[in-house]
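In what follows, a single structure is set out as structure tokens and then discussed.
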Amino acid sequence: MAATWVAQQSVAFAATKSMLGLLNGGSNILRCYRYCIFNTHTTAVTAALTTMQVRRLTALSSGTSVTPVAHDTSSSALSSVTCVHGGTATGSDIFRRFMWLCEEATATGVTQANWEVLIPVGIVFFPTGGDSNLEPIVCRNTYGTDIYHPGASTVTTQEFEITFTNAAS
Amino acid sequence: MAQSSFTAIAERVDVDPGRDCVMAVFNDAVSTSGKLLGIKAVRIVYSSPFGDDVSSIYGLQGKFSLDRISAYSGGTEASSVKQDTGAGTLSSSIKLMTFPTSVTESGGRIRAAGDAPAGMLITGTVNFQSMLRAPGICDANEGGRCIEGHNIIHKMWDSDTEPIMLHEGEGLACIQRVFGVPRAMHWNILIRVVSTGYTYRYAIEDSGTPYTVDSPIWCLFNTSGSGINIEIYVISLVGFGEYNLPRFRMIRTGADPDTVGGETVSIVKRDTAATIGDVIVKKGPIVAYPLAGNHGVTMNYLDYQGTPILAMIQQKADLFRNFMIVSPQYTVTTTPSLRLENETERWPGDRRGAGAIDDDIIINPGEGFAIVGGIQNQSGTYPPEASEMCLVNVEIDCYQSTPSAVYPSEDDVRNGVDYGPTGADYDGDLILPAEADVKDGVFYGADGTEYEGEYAGGGGSGMSKGRVVNQ
């Protein structure tokens, strides 16, 4: 098994924003297995239905630093990995587009916002599907990935995750 | 003069199917001691703060996080269960603690998620959480294997990925970050010992939410020196129960405190110098049936048909008061220690002017006073059972009346007069003579003036003149 890390952050929605991004600046290889969004918004807002993307990046800078957490604390530290939210990102390929509802979840509601609370529903991109024939999103040197909000919503703060492995080859 | 007073407190209690009593206070005194319990007030509050939504008692969700920790203190330890009976007992150095007093976060957040309750409405539309967080409902297909809707963490099935590992000296805490709805929460945690491959399960039932925000609900810790590493495979937040606002009724019970089950809780005396004994307090869920005997009509499941039940009728029916926790009347913030209360009036004979009812609820020796969950609402639309989701704190203010009178000997009390602390404890057996048998002019009886003797001397006490002969 390769050393596994999770980049996790609460991020406020804003228009055309790289919600959570990762860029590999070193010689190791980052492989991204899970992209997640979980609705943890807890105050009433005027709902906004928006669109999201999972992208490959060729550049990522600025933003607010996010420190990935190791699944195993004995793993070697990450080297030359940039992880930020709200960063300045240059996207190249789009792996997935989907819609997402920016609204608070209520205890008795039946809207999509309530679906988005649940962990299985929040796994918005699962590149391999568990199939060994499929690759995860591979980020070699100078490449990265992000969960990107191309829409215009400015409401809610939700949880963003990218789970990835770090290996020499 | 004030009697010896105390409060019986039960925290984070709920009901279980068939065991719907959340708390009971028993008068364990013997009948001749004369000790009585008086019930002055009952308070039921939700066990933790609500979220900020004021529009609905079941408003917004809360939020919790799973964070790495390097230390913890306090809490109540939960036991693990082996998945394989052939496995060794899990090392005692692996600790799962509910409501630890504190944890030391070590800067690594694994996940944050909403805690929207998965309750169901018996008569209404269920929300998706209730469908998908119910046990056994599978949603996402992750790697050809199912991940159930109620999973918060599930080990990824990609062979190249690691589960979350806890080395010695490391732990994981579940911390409440924002309050939503206080309720019973049920957590299941599955871990694996790396060296042996054996797996162990923890089940935390009715854990509730903490009293203050940013406080831990539970933590799993691999204590230094354990010699093992553990992997976290699954963490589930299973929800069940129904949304109906919890309703309770108070009853006088004849249940035996030694056999009702539950936990014994200590009383909190108002005066530390007071001596209060022969009181047993049990925290539920327990079974407490209404007291046998003719106490009126049992109204446990009566359809009220929209008619309010008069307080006097409730008491006659051994159903003192039906009350419910009402919606918040004001915003509850996440500031610690703010709680909602629905306090009963002092019962009875209170400001409503019920007139003839002016006694406290008195619990005699051998009886108990119980708070029982579940009652049909006035319109009869809700079922009588209390929801499993409900989790409350209950406080009962009581006093114990201890007799201080010294009663005279029965030999000193007139025959046929019953007296004593209950009015029937002793039976006088002193017999006064009839007036005809007491010498005329002799007063006797109460205050020495109640009766006057009428017996005139001569009749049997001396000789007639004719019988006395001078010698």
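The table below gives the values:
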{"quantity": "Cβ neighbours within 10 Å from other chains - mean over A:37-45", "calculated": "6"}
{"quantity": "28 Å tail of the calculated P(r), chain A, as % of Cα pairs", "calculated": "20 percent"}
{"quantity": "Peptide-level mean, for B:159-168, of C-beta atoms on other protein chains within 10 Å", "calculated": "6"}
{"quantity": "Charge-dipole axis of chain A as Lys and Arg at +1 and Asp and Glu at -1 on Cβ define it, positive-most pick from A:4, A:22, A:98", "calculated": "A:22"}
{"quantity": "Spread of Cα-to-Cα distances over 10 Å intervals beginning at zero, given as percent, for the stretch B:154-203", "calculated": "16, 44, 28, 11, 0"}
{"quantity": "Area accessible to solvent at residue A:73, 1.4 Å probe radius, in Å²", "calculated": "70 Å²"}
{"quantity": "Percentage relative contact order, chain A, counting C-alpha pairs under 8 Å, at least six apart", "calculated": "51 percent"}
{"quantity": "Accessible area, probe 1.4 Å, largest first, for residues B:263, A:135", "calculated": "A:135, B:263"}
{"quantity": "Cα-projected label distance for residue A:97 with residue B:452, points at 7 Å along beta-carbon direction, nm", "calculated": "12.0 nm"}
{"quantity": "Where only C-alpha atoms are counted, convex hull volume of the stretch A:84-169 per residue in Å³", "calculated": "137 Å³"}
{"quantity": "Restraint check, B:63/B:269; B:40/B:283; B:40/B:63; B:155/B:283; B:95/B:283, Cα-Cα greater than 30 Å", "calculated": "B:63/B:269; B:40/B:63; B:155/B:283"}
{"quantity": "For residues of A:66-72, the mean tally of beta carbons on other chains within 10 Å", "calculated": "6"}
{"quantity": "Cβ-based net charge around residue B:365, under 10 Å, with every Lys or Arg adding one and every Asp or Glu removing one", "calculated": "-2"}
{"quantity": "Accessible surface buried once A binds B (1.4 Å probe; total of both sides; Å²)", "calculated": "3900 Å²"}
{"quantity": "Solvent-accessible ranking of B:269, B:35, largest area first, probe 1.4 Å", "calculated": "B:269, B:35"}
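The values are calculated or read from the model by the stated rules, or taken from the named source; none is laboratory data. Bear in mind the structure is a predicted one, so any value in this text is a computation, not a measurement. Don't worry about glycine lacking a Cβ; one is built from the backbone with ideal geometry, like all the others, and counts go over all protein chains shown. To get the accessible areas, we keep the full protein, side chains included, count just its heavy atoms, and leave off ligands, DNA and RNA. Shrake-Rupley method; radii C 1.70, N 1.55, O 1.52, S 1.80 Å.
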